[in-house]
1. May I ask you to list pairs of residues, at least six apart or on different chains, whose Cβ atoms are under 6 Å apart, with the first in segment 151-180 being touching a residue at least 60 places away in the same chain (Cβ under 8 Å) and closer than 19 Å to residue 35 by Cα and the second being β-branched (Val, Ile, Thr) and buried (at least 18 other Cβ atoms within 10 Å of the Cβ)?
2. Report whether or not residue 154 is within 18 Å of the chain's Cα centre (by Cα), over 28 Å from residue 281 (Cα atoms) and either within 14 Å of the ligand (Cβ to nearest atom) or not acidic (Asp, Glu) (or both).
3. Return only the number of the condition from (1) under 22 Å from residue 199 (Cα atoms); (2) more than 16 Å from the ligand (Cβ to nearest atom); (3) not in a helix (DSSP H, G or I) that residue 366 does not satisfy.
4. With respect to residue 148, determine if the residue is more than 10 Å from the ligand (Cβ to nearest atom) and touching a strand residue (DSSP E or B) at 6+ places or on another chain (Cβ under 8 Å).
5. What are the residue pairs meeting all of these: first residue in segment 229-254, first residue under 19 Å from residue 292 (Cβ atoms), second residue of a type in the set (Val, Ile, Thr) and near the ligand (Cβ under 6 Å from one of its atoms), Cβ atoms under 6 Å, and 6 or more apart or on different chains?
6. Among the residues of segment 308-356, which ones are part of a helix (DSSP H, G or I), over 17 Å from residue 278 (Cβ atoms) and not charged (D, E, K, R)?
7. May I ask you to say which residue of 215, 210 is more than 10 Å from the ligand (Cβ to nearest atom), surrounded by 18 or more Cβ atoms within 10 Å (Cβ to Cβ) and closer than 18 Å to residue 92 by Cβ?
8. Would you check if residue 288 is modelled with pLDDT of 95 or more, at positive phi and more than 10 Å from the ligand (Cβ to nearest atom)?
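The values are calculated or read from the model by the stated rules, or taken from the named source; none is laboratory data. This is a predicted model, so every value here is computed, not measured. Cβ: placed from backbone, ideal geometry, glycine included. Neighbour counts: every protein chain shown.
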Amino acid sequence: MNIHLKPGREKSLLRRHPWVFASAIQPPDEVIASGSTVDLLAHGGHFLARASYSPHSQIRARVWTFDDEPVDREFFRRKIKSAIALRDTAHMTHVTDSYRLIHGESDGIPGIVVDRYNDVLVLQSTTAGSDFWKESIADLLIEETGIAAIYERSDVDVRELEGLQPINGILRGDLSSFIFPIHEHNLKFKVNIASGHKTGFYLDQRENRLRAGELAKDRDMLNCFCYTGGFSINALANGAKSVVSVDSSADALKLLEENIALNDLPAQKHTSIEGDVFQLLRKFRDEARSFDMIILDPPKFAPTATHAEKASRAYKDINLLAFKLLRPGGILITFSCSGGVDASLFQKIVASAALDAGVDATIIEHLSQGNDHPVSLHFPEGAYLKGLVCVKG
Ligand code: SAH
């Protein structure tokens with residue numbers, strides 16, 4: 001099946017960006033099955049790319065290949081092999097048994113995320129095209145990794161935009177438990193692959209948790225949006241004086257407490273608080289509480305640029321309060337995982353938070369997602385996590 005682009009709309013494809021929006025194509029004459037493979041042709045008729053077709057989504061087509069080659073099982077085998085090779089190049093297995101094996105567009109498989117948790121794979125399919133190939137991809141993953149169990153976590157809202165139902169359950173093999181420990185650097189974390197956030201763990205923060213742990217030695221730390229305690233566990237393991245961890249999820253805090261025990265860490269140095277970070281930071285301000293180090297790792301406030309303004313206010317609010325609670329010389333490690341807020345906007349927001357808090361601060365490090373979350377040069381949207389390590393004057 002051929003899809004013709006409107007005149008002049010081939011530019012982003014020529015730059016190898018993998019998305020084609022509905023507004024860029026001529027409406028097809030026939031009904032095209034959801035997820036099936038189509039050829040994208042320029043207005044003049046020449047071949048541009050081979051892609052999956054999503055009839056319900058504004059992102060109407062996602063490119064599988066810019067070459068005139070078959071899109072079949074062997075095509076996906078090559079993509080999976082390259083994704084595995086990239087993690088070998090990054091020496092992932094030296095530091096952890098759990099990492100992202102396939103990162104969607106950046107690994108050439110739009111719509112597919114696969115995270116490896118020890119000897120289980122967790123697959124997430126988010127588009128019509130990735131659903132179309134899901135069973136083949138599952139078989140190939142087993143063949144290429146030698147791992148027998150795959151759990152599916154395709155229970156994310158974005159599937160609605162593609163006209164797809166949520167799915168959560170075993171896709172291949174047997175699993176005796178959905179909650180089990182994984183290893184990251186020299187620490188252990190229990191993950192819940194069936195109902196944890198994302199596919200169970202925020203794998204993208206691995207190196208940043210390690211770095212924050214190093215900086216936390218002898219400090220009183222406040223870890224906001226702590227989830228199952230990634231930053232808290234690293235801080236306690238590295239000699240933090242005390243750690244307060246805050247999250248709105250009781251289930252996450254329960255796993256955090258279990259992770260402290262699992263790593264034989266001093267529970268008496270740790271306090272969990274179930275609550276809303278926005279309110280708690282205000283309460284701490286009113287009580288004149290102070291800390292030597294604060295982590296802000298909030299959920300995505302701006303999935304796309306259209307939410308950027310509201311998100312900016314939320315980021316500014318928590319960063320301003322954090323600057324106030326920090327002691328002089330204290331460290332703020334602040335993140336945004338919002339696709340709609342780029343690194344330069346995020347830095348401006350943090351700068352204006354410091355200004356309004358009446359403090360001076362210096363950036364000593366820029367942080368980003370781990371290298372198991374690679375970024376295709378042609379798909380800058382793949383770089384979503386940005387972090388700043390700031391020292392208060
Ligand atoms: N730093 C964590 C990941 C944080 S994800 C790690 O390294 O694993 C964001 C967390 O924020 C989630 O656990 C979610 O439950 C929590 N959250 C979202 N909104 C919140 C709010 N308003 N107050 C407190 N926690 C919130």
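1. From segment 151-180, the pairs are 162/127.
2. Working: within 18 Å of the chain's Cα centre (by Cα): yes; over 28 Å from residue 281 (Cα atoms): yes; either within 14 Å of the ligand (Cβ to nearest atom) or not acidic (Asp, Glu) (or both): yes.
Yes, satisfied.
3. (1)
4. Details: more than 10 Å from the ligand (Cβ to nearest atom): yes; touching a strand residue (DSSP E or B) at 6+ places or on another chain (Cβ under 8 Å): yes.
Yes: the conditions hold for residue 148.
5. That search, which allows pairs on different chains as well, returns 246/277.
6. Step one: of segment 308-356, the residues part of a helix (DSSP H, G or I) are 308-325, 343-356.
Add one more test, that the residue is over 17 Å from residue 278 (Cβ atoms), and what stays is 308-309, 343-348, 351-352, 354-355.
Of everything in segment 308-356, those that are part of a helix (DSSP H, G or I), over 17 Å from residue 278 (Cβ atoms) and not charged (D, E, K, R) turn out to be 308, 343, 344, 345, 346, 347, 351, 352, 354, 355.
7. Working: 215 fails: closer than 18 Å to residue 92 by Cβ.
So the residue among 215, 210 that is more than 10 Å from the ligand (Cβ to nearest atom), surrounded by 18 or more Cβ atoms within 10 Å (Cβ to Cβ) and closer than 18 Å to residue 92 by Cβ is 210.
8. Working: modelled with pLDDT of 95 or more: yes; at positive phi: yes; more than 10 Å from the ligand (Cβ to nearest atom): yes.
Here the answer is yes, as residue 288 does meet what is asked.
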